[in-house]
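What follows draws every value from the coordinates through simple rules; no lab data is involved. Just so we're clear, the structure is a prediction, and the values are computed from it rather than from any experiment. Neighbour counts are summed over all protein chains in view; Cβ atoms, including those assigned to glycine, are modelled from backbone coordinates with ideal geometry.
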Amino acid sequence: MPKDGGIGASTKRREDIRFLTGTGNYTDDINIRGQAYVHFLRSDVAHGRIKGIDTAEAEKMPGVVRIFTGADFEGVGGIPCGWQVTDRHGAPMQEPAHPVLAQGKVRHVGDPIAAVVAESREQARDAAEAIEVDIEDLPAVIDMKAALEDDAPKVHDDLSSNLCFDWGFVEENREAVDKAIKEAHHVTTLELINQRMVANPMEPRVVVGDYKRANDESTLYTTSQNPHVIRLLMGAFVLGIPEHKLRVVAPDVGGGFGSKIFHYAEEAFCTFAARKLARPVKWTCTRSEAFMTDAHGRDHVTKIELALDKDGKFLAIRTDTHANMGAYLSTFAPSVPTWLHGTLMAGNYTTPLIYVNVKAVFTNTVPVDAYRGAGRPEATFQLERVIDKAAREMEIDPVELRRKNFVREFPYATPVAVEYDTGDYDATLDRLLEMIDRDGFAARRAEAAKRGKLRGLGINCYIEACGIAPSNLVGQLGARAGLYESATVRVNATGSISVFTGSHSHGQGHETSFAQVMSEMIGIPAEQIDIVHGDTANSPMGMGTYGSRSIAVGGSAMVRATEKIIGKARKIAAHLMEAAEGDIEFKDGQFTVAGTDKAVAWGDVCLAAYVPHNYPLEELEPGLEETAFYDPANFTYPAGAYAAEVEVDPETGKVTVCGFAAADDFGNVINPMIVEGQVHGGLAQGIGQALLEGCVYDESGQLISGSYMDYAMPRADDFPAFRVDHSCATPCTHNPLGVKGCGEAGAIGSPPAIVNAVVDALQGGGIDVTHIDMPLSPGRVWQAIQGAN
Amino acid sequence: MTSVSMTVNGKPVSGEVEGRTLLVEFLREGQGLTGTHVGCDTSQCGACVVHVNGEAVKACTIFAAEAEGAEVTTIEGMAEADGTLHPIQQAFQDHHGLQCGFCTPGMVMSAAALLKENPQPSPAEIRDYLEGNICRCTGYHNIVKAILAASGQDANAIAAE
């Protein structure tokens, strides 16, 4: 049994009290005396040349403080991209300028043209309506393949084309893969779309810029998953403010799912304007604005080919993907279709030859970047869908086909540059099959048929690379940042502890789970430990939370710092008990001398460190505070098996999810309750992608799905109760906690399960449909049925 | 500008508002009650649900002036004065019915209205009632469990659907 409040306990979350009582501190709850409000005038066309901006009438409007346009940002840096991909031919990607406010051209609906700063939000909005903008409409490119035509309009006039890069991975494998596919016994081909998604954290983005002229200090309050990253990107590359004069605070943040990783123009604008006006400037994004300014996710068009021998052994995989970058390169956009996607194409299987080609394309749409899973859902979806299709074509049971090809020896070096440290894919699949009563499915299908419904079962596996990431490796892959994590453990004089972590919690519950780790290590109640995050003024430089990295990388940094603390405390205890350091044992908050009844409590050692009267001052500094930076040796590789059972109404095409089960291997688990909650949320986003959600542009680049009226956010009645299990655990071999991360698994593993299940339902009903593109809305399913008939 | 007076969480309050000022703006900006959140601009997300004269209302769908004389309860008015959580709030913590916390005030207020109307709702009735409250974090699973538990039912009955 885990200790209450220690590792493995489902400790209730401490942060819940403030969230449940309405006393959280989200960025929009921050109001600084004297603040002005900004409203952005945004482009309502997808592509156009700015011929003139007349602000004269608007400037006379009540309450207007100042109106800014692109001209005010001449000489100011643009929004930088944090990752550079090198293409197949060794050339760097094409990297366009991304001004804070549009200069010369607008390139997507929502591109900011001008910013009105006024005394009130309403006055800013009213004045923005009085600005006259003369825009010459230009033809827009929305479709990626059309954007690559020779005569396509160019999103960026100064680039040679709309092709950002043409990436081959692993380029040296290309010929061998082509040959293996040409000569194979069987090749299954699938063309599919992984549709554009909108992350939609429930809290829209908010920015408050503040400036103290007396000491030339800027403070940015922002809805961010990684305040230090924003400080570095914005300070160094956009506004030229050194770190010691720029504080970035990300207080309570209402969800992120990737969309709050990136540095956005509004952050730079409010910081810039606060300095110009010497007063605080606040921007609160509306949901409609969020749809046209938050970075979108996915948006891949893919053809995948899987070559098999006559027994079903996978011989080779070749994929060809077009990845939409949108109009500008968002912070980590180039990494998503490349290193976060190509490296996962081996999946859980021993396929010896893999070649991935990705063409990244600029279009007149909102920039696309990481969204929960980021590249790994795209890899998993195509792989697990093509395997299901191959199983049907070769008349092999889809579960058995997967088992024939499982990786079973670890460590396992894939042909796509990563090395899985540990895993047991049979175990999670076996556990899944226990959970879903596969043997009873035929009876359930027969019962559904009596009601006129087509019942289907979809099963798939997944693997992901988390705990992002080894800095030296990602540096070679084009990252312009290190991806370590940091922690400072400050032990107070009476023994209570404050941990300052570079990780950031925006729903993950770090304040509880990180304290559980500390409580386990030190042996004091979790209530005596506080986890502090989200403020560059008090935390060491950290890289933030995304890629299921917090416990694996941030937790490990905290463990390393705590080991230093315990090492020093042991020396102090040895001195206090007049014993040799090697004889000191530490357990449950007590230092003892081995083989004696001598003991000194944690609190007494801490007090001695801060009141060093009886203290080895010649050998040890007073105080008890340590910092550690942890750079992981490898990614972590959570993996598992998922199953969906659905019913399709053949009359309407409506899909009902009757059951969903997830068997995950997350390695060791700190707080099972929190981990299960993370899986539930991931499943909802993955099932939402499979059945409901999708961002839609029309041919002219107008955003059709621009609000919750049009974008189908999943509701409670779209889901069944989930069954989740994480009992099959192969601990990570290279981090001190043996943890792998759990934040993205649900979103990665669930879309193929749903689509596999729907195809199975239709096939089971004698309807020969092999694929339907997501979202599997009633209309699309109904049309597929009609097409097959 | 118009004067409005109402009772919020048992306390009489008043203020000057524009005709276009929404109740949620009056609460957040006029009264500093920032527990009521704004998550959309089309009255769909439900993060701003409060009780007006005992009924659940999205505070972004009515003007502050329309609440003249009303009894308004917000999330800040749910716990006891000594900090003891309301049973629904407690059930949300016990069953991990929240993650980022942004939708939570609206969820709790909607759940309270549901249980007033239907003291023993089934899991399906809970899911149906929450049509107007969007959560992006939890997949709703633990929210349904929390509301079952708050109604005195077995939270594990969620699996019986």
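Here are the numbers:
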{"read-out": "Relative frequency of Cα-Cα separations exceeding 17 Å in segment A:449-554, percent", "value": "62"}
{"read-out": "Pairs of Cα atoms farther than 13 Å apart, segment A:91-139, %", "value": "67"}
{"read-out": "Over 25 Å (Cα to Cα) - which of A:LYS389/A:LYS450; B:LYS11/B:LYS58; A:LYS740/B:LYS145 fall in this group", "value": "A:LYS389/A:LYS450; A:LYS740/B:LYS145"}
{"read-out": "Separation between Cα centres of segment A:579-616 and segment A:111-153, rounded to whole Å", "value": "66"}
{"read-out": "Alpha-carbon spread of segment A:697-749, three principal axes, descending order, Å", "value": "51, 28, 14"}
{"read-out": "Centre separation in Å (Cα based) which lies between segment A:47-100 and segment A:624-657", "value": "37"}
{"read-out": "Those lysines that a straight Cα-Cα span of less than 21 Å connects to A:LYS245, excepting residues fewer than 8 apart in one chain", "value": "A:LYS212, A:LYS276, A:LYS282"}
{"read-out": "Volume per residue of the C-alpha convex hull in segment B:87-156, rounded to whole Å³", "value": "73"}
{"read-out": "Normalised contact order of chain A, rounded percent, pairs of Cα under 8 Å and 6 or more residues apart", "value": "15"}
{"read-out": "Per-bin percent of Cα-Cα distances, segment A:713-789 [5 Å]", "value": "3, 11, 16, 18, 13, 12, 9, 8, 5, 3, 1, 0"}
{"read-out": "Descending semi-axes in whole angstrom, ellipsoid equivalent of segment A:560-693, from the Cα gyration tensor", "value": "55, 15, 13"}
{"read-out": "Rg to Rh, two decimals, where segment A:142-195 supplies the alpha carbon set and Rh follows Kirkwood", "value": "1.12"}
{"read-out": "DSSP H segments from chain A that extend 30 Å or more along their own axis, Cα-based, with Kyte-Doolittle mean of -1.0 or above", "value": "A:555-576"}
{"read-out": "Qualifying lysines (Cα of each under 21 Å from Cα of A:LYS145; at least 8 residues distant if same chain)", "value": "A:LYS154, A:LYS303, A:LYS359"}
{"read-out": "Only Lys, Arg (+1) and Asp, Glu (-1) charged, at Cβ; the protein assembly as shown dipole about Cα centre in debye", "value": "340"}
{"read-out": "For segment A:585-660: span of alpha carbons on each principal axis (Å, largest first)", "value": "84, 32, 23"}
{"read-out": "Descending Cα extents along the principal axes, segment A:124-222, whole Å", "value": "72, 37, 30"}
{"read-out": "Diffusion constant of segment A:15-98 at 10 °C, which comes from Stokes-Einstein with the Kirkwood Cα-pair radius and 1.306 mPa s, µm²/s", "value": "86"}
{"read-out": "For peptides A:137-147, A:223-233, A:739-749, A:274-284, sequence by mean Cβ density within 10 Å, most packed first", "value": "A:739-749, A:223-233, A:274-284, A:137-147"}
{"read-out": "Hull-based mean projected area of segment B:2-76, where the convex hull spans the alpha carbons, in square nanometres", "value": "4.2"}
{"read-out": "Whole-Å semi-axes of the ellipsoid equivalent to chain A (Cα gyration tensor, √5λ, descending)", "value": "42, 38, 24"}
{"read-out": "Square roots of 5 times each gyration tensor eigenvalue, C-alpha, segment A:350-425, largest first, Å", "value": "28, 18, 12"}
{"read-out": "Pairwise centroid distance, computed over Cα atoms, of segment A:540-567 with segment A:681-719, Å", "value": "35"}
{"read-out": "Peptide A:499-508 - average C-beta neighbours from other chains (10 Å radius)", "value": "2"}
{"read-out": "Within 10 Å of each Cβ in A:707-714, the average number of Cβ atoms from other chains", "value": "4"}
{"read-out": "Footprinting exposure proxy for A:MET541, B:MET1, A:MET93, A:MET202 (fewest neighbouring C-beta atoms within 10 Å first)", "value": "B:MET1, A:MET541, A:MET93, A:MET202"}
